[in-house]
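The block underneath contains the structure these notes are about, expressed in structure tokens.
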Amino acid sequence: MASTTNFRPKLAMGTFVLLSVALSMTTASVTNGASSPSNRSIHAAGQHSDTKCQDGLLLSVWQPEDNLTTGDRIARGLVYFFSLLYLFIGVSIVSDRFMAAIEVITSKEKEVRVKKPGGEEQIVVVRVWNETVANLTLMALGSSAPEILLSIIEIVAKNFNAGDLGPGTIVGSAAYNLFVIMAICVLVIPDGEVRKIKHLRVFFVTATWSVFAYIWLYLILAQITPGRVDMWEGFLTFLFFPATVITAYVADRRLLVYKYISKQYRMNRRGVIVQVEAESAMEMNNRDDKLNTIDENGGISEEVRDFEESRREYISALKDLRKKYPQHDLEQLEIMAQEQLMNKGPKSRAFYRIQATRKMMGSGNIMRKISERAQSDLSEVKAELQRVDVDEPIEEDAACRVFFEPGHYTVMESVGEFEVRVVRRGDLASTVTVDYETEDGSAEAGSDYIGKKGTLTFAPGVDEQRFQIQVIDDDVFEQDEHFYIRLSNVSEPASLSTPKVATVMILDDDHSGIFALTSRDHELVESIGTYELKVQRYSGARGRVRVPYWTEDGTAKAGKDFEALSGELIFENNEIEKVIQLVIIEEGSYEKDVLLYVNLGEPQQIGGIIEAAERKAPEELTEEDKMALLGRPKAGDIVRAQLRIKESKEFKNTVDKLVQRANASILIGTSSWKEQFVEALTVSAGDDDGENEGEEPPTPSCMDYIMHFVTLFWKIIFAFIPPTDMSGGYLCFVVSIFCIGVVTAIIGDVASHFGCTLGIKDSVTAIIFVALGTSIPDTFASKVAAIQDKYADASVGNVTGSNAVNVFLGIGVAWTIAACYHSFHGREFKVEPGTLAFSVTLFCTEALVAIIVLMIRRNPRIGGELGGPKKAKIVTSIFFFSLWIVYLLISSLEAYGIIKGF
């Protein structure tokens, strides 16, 4: 799938280069044939090789400018072209920092006190920013900042006169977003899967505004005040921006329909509460995804669960993992459950944009931070889980239920007898009897255990009974085996409840054992002094075994952060646990967060029949020797532990940690300049492989190293931007947008010089090169969002909103400033309709067609805006891509006067 996506931008770039060369050649040929009147008029309308290029806002024209040969112009054009590419990389990286600040700002939360049905008060956390408002304001500004700033900067650079580069980039970017990004998003969905827009009302509103924005541009350029823009027109253009946000918010909240509805909250898939209307229903009638609503005034909706269900969802995932990985300990399972929920949760537009940029630039995959986050939050999550009663839901306490507690037993073969416990819950007033009987599994009665059956009697007031089961021990190595104990024939009024069948696992103690560390990840404070790292022996405990171990440097260094250690652990016969004593050196570092590793080697038997059998040649082995070799010691799943040493002040309040755990801003935000410079200097794998449980993290590829060193200059420069944790992200926001403005100003100058050098008009440069360069990160972000999200809103709905915001902010602000400036000096702000009005009209026509096609795809035969049957996907993608090619071709031909425009 990734190869398809990578291919398309390359194909698009190649198309653009060919198209530009063709247009340049066309211009040249028309210029050379200037003897006819028609050719002279075309030549006058375009640019030619003798046209003097103007100095930009920050960059002067490359001198000398006169008497340049064709080779000189091509060479300069190539320099400008590759400079543009490098500047686009820079603006993408600084936009990464900008989007991180926006994610932190829009992820702000507040506490709301609510009452549960029993009158008990509970504090829940709600989002301050409405999701729709965030997407149409800061999120849209973040993804479109270069285009918007380019339009404003161009006005200033041209002494408040209209230019072609800024508006052309905005319209060209809108065309690329709607046609090319949609074509990719439709195509990358796996065959047979579909993605539908969830917030359909919001999509209709933003789609309407996005089309109206360009119709409005045409009206003020060619109809209302042809050839000029008045102050009221520019200011009204800007005012359409808050109008878009307000109408989308009304559609999201259904305020016009449910006018007197009280303020309520719902819990999203990440466990974070966001505002909704009281009677909100999922817009696509998704009955499998009912959301929890909590009234701010204390009432709780009857048709949904209360806030505690979010924790029960976590526990449900934990139980499923426990069944899937019975060999893992509880801490491992808790980390896996936490990672699972965070991976499945929806992400914001900023998250996908940053993830795409970092993967492209050799800075790694943000999703790998989830594992680190899960480990750092583990102790707090455990504290919260202990306060949640999971196993006994609040229901029918009056009924009498009988079941095993626990429902699973693991015993050594040498245990002899062990005790089984049966309990009853609910009404204890009556006498209850229940039968029990053992059943064979892989273990057989008579050879592995003594079969047993009987009846248990619960007298009035008695809530538990116990009985003994005997396990048969032998000296022959066998695989681990299991059998069952079943309850039946419970007397009235009691009933059997789950678990009514207990599973007994018999671990063979004739095996020398499996040796492993208790956990893969450990977190400790540097003030701990000595940390005891446990090594366990399971699935057997026969004989003496040696297990080598050694420490390994990570970001923590031996002698500085810890004392290096190596040696052997000797497990005596029937000994099942040993401890490695790690000495941690306390430095008193304020921001300490370093890693070290402890490794286990291959265990070896000391003496006995196994060691003797290992010395024999294969042909000399007896059956007894072969059976003994099956029981030789083995290494377990976890033979390498990662230990994170942190300063103790970083442990925070349990409830805050749980809330932050579901907040994506934690994964992309930064807390210190040190962290930013470490990230800037570190090469990380950018692919998606190696993220499954038990797999080693992938190593950076050759392309990751190339992109890292190519972008290292930008990474180091923008690492000086304040971290997002300072001033709630606002300081990072302000500094980042200033840096984007500086880089964008340079892009505007270089793009203008590039076009002038090769005889390409600014309007064509804008829609071909600049629009593409500023939109590439959004392309990858939308592709990832389309695949990973359950719905199409993050990839489709946000495109229409962004297209509208680009016009209302980029052109509205720039033209308002220019109109005010000229009005102050007693002049009119002149804007030639020409190419821009024609380009806008063409885009509006094609945009309407594209939106209609998306709506047609909601037909049950396809099922949604994205994906669907393979043939439908391919046809739709080709159609959208063709719309874009047609837009570029016709707009470019009109710009050169080859076809007639307005």
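Each residue was assigned an accessible area with a 1.4 Å probe, and for residue 825 the value is about 90 Å². Electrostatic tally near residue 834: other residues with Cβ closer than 10 Å to its Cβ, Lys and Arg +1, Asp and Glu -1, net -3. The listed residues 703, 505, 139 rank as 703, 505, 139 when sorted by accessible area, largest first, using a 1.4 Å probe.
Cβ-Cβ distance of residue 709 and residue 825, R₀ of 41 Å, FRET efficiency by 1/(1 + (r/R0)^6): the value works out to about 0.25.
The length gained on full extension between residue 553 and residue 108, counted as 0.36 nm times the residue separation minus their Cα-Cα distance, comes to 156.5 nm.
Highest mean packing first, where packing is the average number of other Cβ atoms within 10 Å per residue, the peptides 723-730, 224-231, 833-840 line up as 833-840, 723-730, 224-231.
Of the residues 702, 185, 53, ranked by 1.4 Å probe accessible area with the largest first, the sequence reads 702, 53, 185.
Taking 60, 823 and ordering them by how much accessible surface each has at a 1.4 Å probe, largest first, produces 60, 823.
Highest mean first, the peptides 536-549, 460-473 sorted by other C-beta atoms within 10 Å per residue fall in the order 536-549, 460-473. Local charge for residue 239 was computed over the other residues whose Cβ lies under 15 Å away, with Lys and Arg +1 and Asp and Glu -1, and equals -2. When nucleic acids and ligands are ignored and a 1.4 Å probe is applied, residue 874 ends up with an accessible area of around 70 Å². With a simple spin-label model that places each label point 7 Å from the Cα along the Cα-to-Cβ direction, the separation between residue 156 and residue 453 comes to 8.9 nm.
Every Cα-Cα pair of segment 161-249 was included, and the share exceeding 15 Å stands at 72 percent. Across segment 723-851, the convex hull enclosing all Cα atoms gives 175 Å³ per residue. Annotation for residue 63 and residue 462: the two label points, set 7 Å from Cα along the Cα-Cβ direction, are 10.6 nm apart. Here the simple spin-label model places points 7 Å from the Cα toward Cβ, and for residue 898 and residue 488 these points are separated by 8.6 nm. Excluding ligands and nucleic acids, what accessible area in Å² is computed for residue 214 using a 1.4 Å probe, to the nearest 10? Approximately 0 Å² of residue 214 is accessible to the 1.4 Å probe.
The values are calculated or read from the model by the stated rules, or taken from the named source; none is laboratory data. Everything quoted here is computed from the prediction, not taken from an experiment. Don't worry about glycine lacking a Cβ; one is built from the backbone with ideal geometry, like all the others, and counts go over all protein chains shown. All accessible areas refer to the heavy atoms of the entire protein, side chains included, with ligands and DNA or RNA removed. Shrake-Rupley method; radii C 1.70, N 1.55, O 1.52, S 1.80 Å.
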